[in-house]
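Novice: Dropping a structure here in structure tokens format, bear with me for questions.
The values are calculated or read from the model by the stated rules, or taken from the named source; none is laboratory data. Remember, it's a predicted structure, so these values are computed and weren't measured experimentally. Positions of Cβ are generated from backbone atoms using ideal geometry, with glycine treated the same way; all protein chains shown enter the neighbour counts. Ligands, DNA and RNA are stripped out before the accessible areas are found, and what is left, the full protein with its side chains, is counted by its heavy atoms. Shrake-Rupley method; radii C 1.70, N 1.55, O 1.52, S 1.80 Å.
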Amino acid sequence: QLQASGGGSVQAGGSLRLSCVTSGRTFRNYRMGWFRRTPGKEREFVACISGSGGSTDYADSVKGRFTISRDNAQNAMYLQMNSLRPEDTADYYCAAGDAGDYYSTSTKGYDYWGQGTQVTVSS
């Protein structure tokens, strides 16, 4: 089970830090990712990280503003979001996938999903 938290409402230019925690798994064996979805749109990739934390990737729209990280000892993953924009408004989902040696930017690369946490950025 994945539990996402940290969403909220901020003004443009502000920051939020999302967290995703799990239990009952060998966390380092799983690739992890963040996706987001807005009403009427498909879930889109935001950021991902390999099981060791040594490899990451980001959507072009968030590069330089968002940072993904993980703490395998704490079974936790984070998404630091800075310089938020109104277009970042969405429900954010964390996900875990097998084959943790490699990250994945596709929803097909993930087997387990947390509930969404809502992020609202006002202009």
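Novice: Using the Cα centre of segment 1-113 as the reference point, and only Cβ charges (+1 on K/R, -1 on D/E), how large is the resulting charge dipole? Debye, rounded to the nearest 20.
Specialist: On the way: 13 positive and 11 negative charges, 25 e Å.
Taking the Cα centre of segment 1-113 as origin, the dipole is about 120 debye.
Novice: Then there's this: Normalising by the residue count of the chain, find the relative contact order in percent from Cα pairs under 8 Å and 6+ residues apart.
Specialist: Numbers: 327 pairs, mean separation 45.1, N = 123.
Contact order relative to length: 37 percent.
Novice: So for each of 70-79, 39-48 I average, over its residues, the number of other beta carbons within 10 Å; can you give me the resulting order with the highest mean first?
Specialist: Details: 70-79: 18.4, 39-48: 15.4.
Ranking, from highest mean packing down: 70-79, 39-48.
Novice: Length gain on complete extension for the stretch S61 to N29, per 0.36 nm per residue less the alpha carbon to alpha carbon distance? If you can, show how the numbers build up before the last one.
Specialist: Numbers: separation 32, 0.36 × 32 = 11.52 nm, distance 2.79 nm.
Gain on stretching S61 to N29: 8.7 nm.
Novice: Considering the zone a paramagnetic label at N82 would reach in this model (a point 7 Å from Cα along the Cα-to-Cβ line), which residues of segment 17-51 have amide N under 15 Å from it?
Specialist: 17-18
Novice: Counting only residues 5 or more places away or on other chains, whose amide H sits under 5 Å from the amide H of G100 once H atoms are built in the peptide plane?
Specialist: When sequence neighbours closer than 5 places are left aside, the close amide H contacts are R31.
Novice: For segment 1-72, give the percent of accessible area contributed by carbon and sulfur heavy atoms, probe 1.4 Å, rounded to a whole number.
Specialist: Details: 1450 of 3660 Å².
Answer for segment 1-72 is 40 percent, counting heavy atoms of protein chains only.
Novice: List residues of segment 58-101, by number, whose backbone nitrogen lies under 13 Å from a label position 7 Å along Cα→C-beta of T107.
Specialist: 91-95
Novice: Give me the 1.4 Å probe accessible area per residue for the chain, excluding ligands and nucleic acids, in Å².
Specialist: Details: 6210 Å² over 123 residues.
Value returned for the chain: 50 Å² of accessible area per residue.
Novice: Given a cut-off of under 8 Å on Cα pairs at least six residues apart, what relative contact order in percent is computed for segment 72-123?
Specialist: Details: 53 pairs, mean separation 24.0, N = 52.
It rounds to 46 percent for segment 72-123.
Novice: Would you mind calculating the relative contact order of segment 1-65 from Cα pairs under 8 angstrom and at least 6 residues apart, reporting the percent as a whole number? Before the final figure, lay out each step's value.
Specialist: Details: 77 pairs, mean separation 13.9, N = 65.
Over segment 1-65, the number comes to 21 percent.
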